[in-house]
1. What number of residues within the range 246-281 satisfy the criterion of being within 14 Å of Leu203 (Cβ to Cβ) and either touching a Gly at 6+ places or on another chain (Cβ under 7 Å) or not assigned by TED's automatic domain parsing to the domain that holds Ser130 (or both)?
2. From the residues in the range 446-490 that are part of a strand (DSSP E or B) and hydroxyl-bearing (Ser, Thr, Tyr), which one is nearest to Arg560 (Cα to Cα)?
3. Only one of these is out of contact with any helix residue (DSSP H, G or I) (no Cβ under 7 Å at 6 or more places or on another chain), more than 30 Å from Asp272 (Cα to Cα) and free of Cβ contacts under 8 Å to residues at least 60 places away in the same chain: Ser78, Ser50. Name it.
4. Could you list all residues from the range 9-28 that are touching a residue at least 40 places away in the same chain (Cβ under 8 Å) and among the hydrophobic types (A, V, I, L, M, F, W, C)?
5. So Lys319 fits all but one of (1) assigned to a helix (DSSP H, G or I); (2) closer than 26 Å to Glu483 by Cβ; what number is the exception?
6. Residues Ala339, Ala280, Ala326, Ala317: which one is at pLDDT below 90 and over 23 Å from the mean Cα position of the chain (by Cα)?
7. With (1) modelled with pLDDT under 90; (2) surrounded by fewer than 21 Cβ atoms within 10 Å (Cβ to Cβ); (3) of a type outside the set (Val, Ile, Thr) as the list, and Ser176 as the residue in question, which single condition is left unmet?
Amino acid sequence: MTHIGRNIGRYRILEELGSGGMSVVYKGLDTALDREVAVKVLHPHLANKSESRRRLAREAKAVARLHHPNILEVFDFSAEGAQDAFLVTEYVRGRTLKQCVDELGRLELPELAAMAVHEIAAALAHAHESGVIHRDLKPENVMVREDGVLKLMDFGIAKLLDIEERMTVTGALVGSPAHMAPEIIEGHEAGPETDIFSLGTILYALIVGRLPFTAANATATLKRILDGNYEDPRQRVPTLSDELADICATCLARDPARRYPNASKLRDALGDYLAGLGFARVGEELASFFADPPSYQKLMRPRIIATLLERGERLLAEKRTPRALACLNQVLALDGTNARALGLLKGLERERRVKRWRARGLKLGAGVLVASVLGVGFHLFQRRAPDATPAAPARVTSAQEQKRGVVAPAAKTEPSGSLPVSPGPAPVRPAPEKRIAARAEPVRPEPVRAVPEPVSILVRPYGYIRVDQGARSEQPLTRHAVELPPGRHTVTITCDYCEDAQETIEVRPGVENVFRLRALLKSSRLSFAYEPADAVVRVGGEVRTARESQERPFEIQSPRGPASFQHRVEYEVSHNGYLTERRAVSIEPGKPTTLRGALVAE
């Protein structure tokens, strides 16, 4: 039965947007606030179950507390005694991620897949921090707004069904088994790692163009998931880097303990990978991509190639040949005729040949030297005569010594035929002189200078760095390549929007030194010009009236290392007799901001 033209509560149903095995989604009008909304109405077979209604209310309350730019905001849900079971959310003009991918086909560059999943992981990280698990992640549950912003929706909806019901419901959930984590199939409770597995299937599908565990039917698909059997994506996508392939493999690990423990870890891993390629502002990059996919992908390829070439040359200079080869191989996968990469590989091969011939020459020379030494030694051994021990000269006692009673030792008996040695005068020894010994200057060894080690300093989102008392870097980058001697160093991070922040790093010899540091945004002052003026404003744990906030603004601070140079602030404005307003806003660091508005009477 259609609801078009009817009112569900205060929401007038305008048109149907889509339907599935659990619900029908309509575009509606909130008659109280005069705004467009999306109304998800559960099918009667679920709406008639009291347990399903209780779960819907519980999950709706949990999700309504989530305020994030990449999460579809929940406005309202049906009361317990209402005729229909429904959920009201913000209305998004756009398409689902699945519809976009179906239209575009497989993404040309794996980094685009990393960008999309980074944004979903950012939304999911906010949910995980609030104790909310999605449980049904798939491209159909991600909206791509007209301006390219990704919106994650349908939190907790999968919990309305038991595992047995999921296998029988038709429509929206038919595709879900391909994204299910093995522990869910085995009947265990969902956790953050469960969502990570599902995100891994989305990342794999966006990179390869097909799901990792596809099979002829749902049962065979579930078996492949339980077996952990999927094809290495690098077999089908040569341009996929080893680093991104490892991130995907970590998400798809059979054992939940081997996956990322929560979405924030996955978000950071993808963020660091993309920042290393020059894509620090992921949201802005995605907006440009969805605005004109062909042009963006055409320009994106040379950006990646240039970064990889620069990295490969640096790694070669640092004698980290295996990693340099990985970079150059990825360049040639993107551009098989790249002269710069081919030249570096030829030079590397030439150097290897020289080293190989040198090694052979050293081995041959060492063999000849050993043979020569052995030959000369054997020859000398054969000609060697017995050594004659020279006789010690006889000592004759002088007359003065005889008077003092000093007797010379008896002379050795000379062998027959030898002439006796006649005594001679005793040697005259000069009297000892008193001498002042000169004090010798101590020999001071030359100080051993430590060999500098190549160091990579990753700054999130980006900034200038100064190491110890050295000069500040020329550019505010996401990745700084420096050389430092082993030991402890102090790194100061600055930027136009940052407070000075210091971190201590310890450089170790003979290992790969990579340090991930985080910028500290300047605080901002936030005030509210709302009607009524005595409306209560809540920002985090602080509460004051709108009028008080103008005299004493809220001091907004962000944790270190945000994804972008903006403060994201969630606030609530309430007053008796008025509808409570809950919103999230992004404000610039160090800039005072005043939010203006008026509450709507109930």
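The values are calculated or read from the model by the stated rules, or taken from the named source; none is laboratory data. Keep in mind the model is a prediction, meaning the values are calculated, not measured. With ideal geometry, Cβ positions are generated from the backbone for all residues, glycine too; neighbour counts draw on all protein chains shown.
1. So the answer is 3.
2. Tyr462
3. Going through Ser78, Ser50 in turn, the sole match is Ser50.
4. Residue satisfying the conditions is Met22 alone.
5. (1)
6. Ala317
7. Unmet for Ser176, out of (1) modelled with pLDDT under 90; (2) surrounded by fewer than 21 Cβ atoms within 10 Å (Cβ to Cβ); (3) of a type outside the set (Val, Ile, Thr): (2).
Table: residues versus (1) touching a residue at least 24 places away in the same chain (Cβ under 8 Å); (2) farther than 25 Å from Ala116 by Cα.
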position	(1), (2)
Gly187	yes, yes
Asp195	yes, no
Leu203	yes, no
Gly209	yes, no
Asn217	no, yes
